[in-house]
Amino acid sequence: MTDFKKMIAEMIAKVININEEEIKEYIEIPKDSSMGDYSFPCFKLAKELRKAPVAIANDIKDNIQIDKNIIEKIDVVNGYLNIYLNRKLIVKTVLEEIDKEKENYGKSNIGTGKNIVIDYSAPNIAKPFHIGHLRSTVIGAALYNIYKFLGYNVIGVNHLGDYGTQFGKLIEGYKLWGTEYDIEKDPINELTKIYIRINEACKEDETILENCRNNFKKLEDGDPYCVELWKKFRELSLKEFQKVYDLLGSKFDSWNGESFYSDKMPEVIETLSSKGKLTESQGAKIVDLEEQGITTPCIIEKSNSSTTYATRDLAAIMYRARTYDFDKCIYVTSYEQVLHFKQVFEVAKFLGLDEKYTKGLIHVPFGMVLLPTGKMSTREGNVIKLEDILNEAISRAKDIIEQKNPELDNKEEVAKKVGIGAVIFNDLSNNRIKDEVFDWDTMLNFQGETGPYIQYMYVRTNSILEKIGQIPDVKDIELEELTNDTCIDILKQIYLFNDIIMQAADKNEPSIISRYLIDLAQKFSSFYNDNKIIVDDEKQKNARIYLTYMVGLILKSGAKLLGIETPNKM
RNA sequence: GUUUCCGUAGCUCAGUAGGAUAGAGCGACCGCCUCCUAAGCGGUAGGUCGGCAGUUCGAUUCUGCCCGGGAACACCA
C-alpha cells in the first residue's frame, strides 16, 4: 500500500541535506489531527544543520515542491512542520487497497520462508486446567494467528507438562490410596485430591517425598507399573482438556509434551559433558552460569540421576531446531519462569547449535492471575477452573441475549461466541506483563472496552450491509463524501491496520491489536450515532456503506487474530 | 540479601522505540431510542504521571538513587 511517510520524506529530502531514511524515522503522527496528518519535528535537525528549529521548518516550507495531489498544505507551528495530506488521496488509497485485498487486507509477506515455533498453553497433566493456563493459551494463540497473517510458517506446540516428579507423587498417592478414589468417573478432580493429599504427606514425612522422586526415576527407566499408571493419567487428563480447547477453539500442530523428550535427553547430557560444561555439585550434574551473570546454576541431572524440566527444554530446543529449522522459538509462560528460561537459553549456547537457533529463542512472559486472597495453587486447592468460567460466561451471555434480543436465532451459538469472546478479550486487552486479580464481574463484563463491544459494532455493520444487500463498487464512490473529519479519522485508522499488526508481532504483544480495535470501534460508533448510513442521497449512501463495510471487515479480521469469533447478529 | 518486573484519574488500564494542551473504560452525576440492534452515543466531575537528582532545546517516556508492591533465587514445573 502507498506509504505516506515515505512520500513525505522524499519531498523533504529534496530540500534539506538529510537522507530520506532518517527523515522518515522522525516523522510522527500528531495526537490531534487538527495538527496535521503527519508531523515533522525539526528540533532533531537543529544540531546537525546548525540552525534554529523554526528556521529549518520555515526553510523547508518555503522551498519544498508540493504536489497538491499528495499534500494539501504545510503549516509551521513552533518547530514542527505539520503536514496535511490531500484527503481525497487518503480516501482513494484506503478504498483501493481494501477493494483489492478484501479479507486479506493488512496481510504481508515479510514472514515468507521463515519458521516460527510457538510453545504455549502447556497445562499440567492430572491438574485442573485453571484460569492461569488461559493466558498462555490465549496469548499464544493470538501470536500464532498474528505471525501467520504476516506470512510466517508457524508451528504451535502444546508442550504438555506430562513428566516430572509430580507424576512420581501421583503414582505414590495412587499406590497408597488409589482404591479410595474413582478416577475414571471424574479424573482430574480425583487426581487433584490425591495430589493435594500426597503433598501434605510429603511435608510431614521426608521418606515419602523420597519415594515420589524415585517413582519418577522408575518412570524414566521404564518401570511397567509406573508407565502404565502415567499413561492412564495422561489419557484421562487430555480428554478433559479437550473440552476446554473445544470451547476456546484452540488447535495445536504438535502435542509433544515433556515426556516426548525422554529419549532425547542423553544427547543433551553427552554434548554438555563433552564440551566440559557439566560439573558435579552436591551429587547433581549442573552447568555453572556465574560467567553469564546468573548466580543459580542450571541443574541438568538430579542426584538420583533423573532429569529436570531444564534438560527436557534443552532437548526440545535441539529437536525443534532440527525438525522445524526455526527462525524464532517463542515460549509463552508466566513471568515466574524468567530465570528458568534465562538459564536454559544460556545453556543452549553450549549445545553446538547454529547461532540462528540460539538467537531465535524468545521468552514471552505474562503476569499472573491472582485471587483477591492471593496466589492460586493446585496444592492449596483454591484454583478456579477454566471450564467453569467459560460456562459461566456463556450462560451470562445467554441471559443478556434473552433480555435484549429474545427473537434471535441460534442463541446458543451466539452466546458461546460472545461469552468466550469476552473472556479472551479480557485477557488480551492489557499489556501481558500486568498481573490480573480475578473477579467474575470484571472478566464477564460485556460493556465498555470488551470483546462483546467489538462484536456488537461488527454486528451493527453487518446489519446494515445485510439490509442493503450488496456492497457498492469502489469505482462508483464519490471520494468527497468521505473527506470530512470523522470519516478521515476512521480511514486513517484503517490505514494503520498492517502497521499495528507488525508492531504486535514485533513486541509479541496482542494487546496492541485489542486497543486498536477498540479505537476503531469507538470511532465508528460515534459516526454511526451521528449519521444515518442508509440515506436517500445515492452518492452519500454508497460512500457510507462502503465505509461501514471496511470497518466491519477490519473488526472481524482483527478479532479473528485475537482468536475471537464475530457473530452476524447478537 | 541478590536479581528482575511493576507504580499514570476513586478503580482497571492506554500513552505509538524522548516531543506540541497526559487519554480511554468502569464507577458517580446529567442528557439521548416515532430513526440502520441503547451490549450504544454525548456531556460534567476527577491528575504534584511514586519521590529526588541527572542527560537533553524538550522527560510520563532514557540513566542513577530512594520509597512502595509483585516475582524468582539447585534437585517443582
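Quick notes on this one:
- Region A:335-433: Cα Rg divided by the 2.2 N^0.38 Å rule of thumb: 1.64
- Charge sum, other residues only, whose C-beta stays under 10 Å from residue A:154's C-beta, Lys/Arg counted +1 and Asp/Glu -1: +2
- Calculated from backbone phi, Karplus (6.51, -1.76, 1.60) coupling profile of region A:31-43 in Hz, x at Gly/Pro: 6, 10, 5, 5, 9, x, 7, 9, 9, 10, x, 8, 4
- Remark: relative contact order (chain A) = 14 percent; criterion is Cα-Cα distance under 8 angstrom and separation of 6 or more residues.
- Dividing the radius of gyration of the alpha carbons in region A:405-456 by their Kirkwood radius gives 1.04 for Rg/Rh.
- Partner aspartates and glutamates whose Cα lies under 12 Å from the Cα of residue A:385, excluding those fewer than 8 positions away in the same chain, are identified as A:240.
- The listed peptides A:539-546, A:22-29, ordered by packing as a protection proxy, come out as A:539-546, A:22-29 (highest mean of other Cβ atoms within 10 Å first).
- Positive-end extreme of charge dipole, chain A - chosen from A:17, A:422, A:525 (charges on Cβ): A:17
- Only one residue of A:474, A:340, A:60 has its Cα farthest out toward the positive end of the dipole of chain A, where Lys and Arg carry +1 and Asp and Glu -1 on Cβ, and that residue is A:60.
- Computed over all pairs of different Cα atoms, the Kirkwood value for the hydrodynamic radius of region A:193-349 is 17.9 Å.
- Cross-link pairs beyond the 22 Å C-alpha cut-off, checked among A:532/A:560; A:6/A:51; A:203/A:285; A:175/A:232; A:193/A:375: A:532/A:560; A:6/A:51; A:203/A:285
- Dipole of chain A [Lys/Arg +1, Asp/Glu -1 at C-beta], most positive-end residue of A:79, A:546, A:330: A:79
- Solvent-accessible area of region A:268-379 (1.4 angstrom probe, protein heavy atoms only): carbon and sulfur portion equals 48 percent.
- Approximate shape of region A:266-320 as ellipsoid semi-axes (Cα gyration tensor, √5λ), whole Å, largest first: 17, 14, 11
- 0 to 90° range, to nearest 10: angle between helix A:131-149 axis and chain A longest Cα axis: 50 degrees
- Taking all protein chains together and a 1.4 Å probe, the residues A:485, A:223, A:32 rank A:485, A:32, A:223 from largest to smallest accessible area.
- Volume of the convex hull of region A:96-211 (Cα atoms only), normalised per residue: 137 Å³.
- Cross-link check: pairs A:148/A:342; A:127/A:148; A:31/A:88; A:218/A:264 evaluated at a Cα-Cα cut-off of 24 Å; pairs beyond the cut-off: A:148/A:342; A:127/A:148.
- Accessible area of residue A:159 in the full protein assembly, 1.4 Å probe (Å², nearest 10): 10 Å²
- Relative to the Cα centre, the charge distribution of region A:218-285, modelled as +1 at Lys and Arg Cβ and -1 at Asp and Glu Cβ, gives a dipole magnitude of about 180 debye.
- Per DSSP, loop GluC sites (Glu not before Pro) in region A:139-247 with at most 15 further Cβ within 10 Å: A:184
- Probe 1.4 Å, protein heavy atoms only - accessible area per residue of chain A in square angstrom: 46 Å²
- For residue A:103, the solvent-accessible surface computed with a 1.4 Å probe is close to 120 Å², ligands and nucleic acids excluded.
- Cβ-Cβ FRET estimate between residue A:281 and residue A:203, R0 fixed at 30 Å, reported to 0.05: 0.70
- Counting only heavy atoms of the protein chains and using a 1.4 Å probe, residue A:177 has close to 40 Å² of accessible surface.
- All Cα-Cα separations within region A:505-570 were binned at 5 Å from zero, giving a P(r) of 4, 15, 21, 23, 16, 11, 6, 3, 1, 0, each value a whole percent of the pairs.
- Between 0 and 90°, nearest 10: helix A:309-324 axis offset from chain A longest Cα axis: 50 degrees
- Peptide packing: for A:211-218, A:95-102, the average count of neighbouring Cβ atoms within 10 Å per residue gives the ranking A:211-218, A:95-102, highest mean first.
- Which of A:344, A:77 is most accessible, then next, and so on - probe 1.4 Å: A:77, A:344
- Note on chain A: Cα-only Rg and Dmax are 28.4, 89 Å.
- Test item: Cα-centred dipole of chain A, Lys/Arg +1 and Asp/Glu -1 on Cβ, debye: 520 debye
- Using distinct alpha-carbon pairs, which all enter the 1/r mean, Kirkwood radius of region A:1-154 in Å: 18.9 Å
- The value obtained for region A:177-278, namely the Cα convex hull volume divided by the number of residues, is 161 Å³ per residue.
- Residues A:129, A:260, ordered by accessible area of protein heavy atoms at a 1.4 angstrom probe radius and largest first, appear as A:260, A:129.
- Given charges at beta-carbon only (K, R positive; D, E negative), |dipole| of region A:146-263 in Debye: 400 debye
- Cα centroid separation, region A:411-483 to region A:276-332: 44 Å.
The values are calculated or read from the model by the stated rules, or taken from the named source; none is laboratory data. Bear in mind the structure is a predicted one, so any value in this text is a computation, not a measurement. Neighbour counts run over all protein chains shown; Cβ positions are idealised from the backbone, glycine included. Just so you know, the surface numbers come from the protein's heavy atoms only, side chains and all, with ligands and any DNA or RNA stripped out. Shrake-Rupley method; radii C 1.70, N 1.55, O 1.52, S 1.80 Å.
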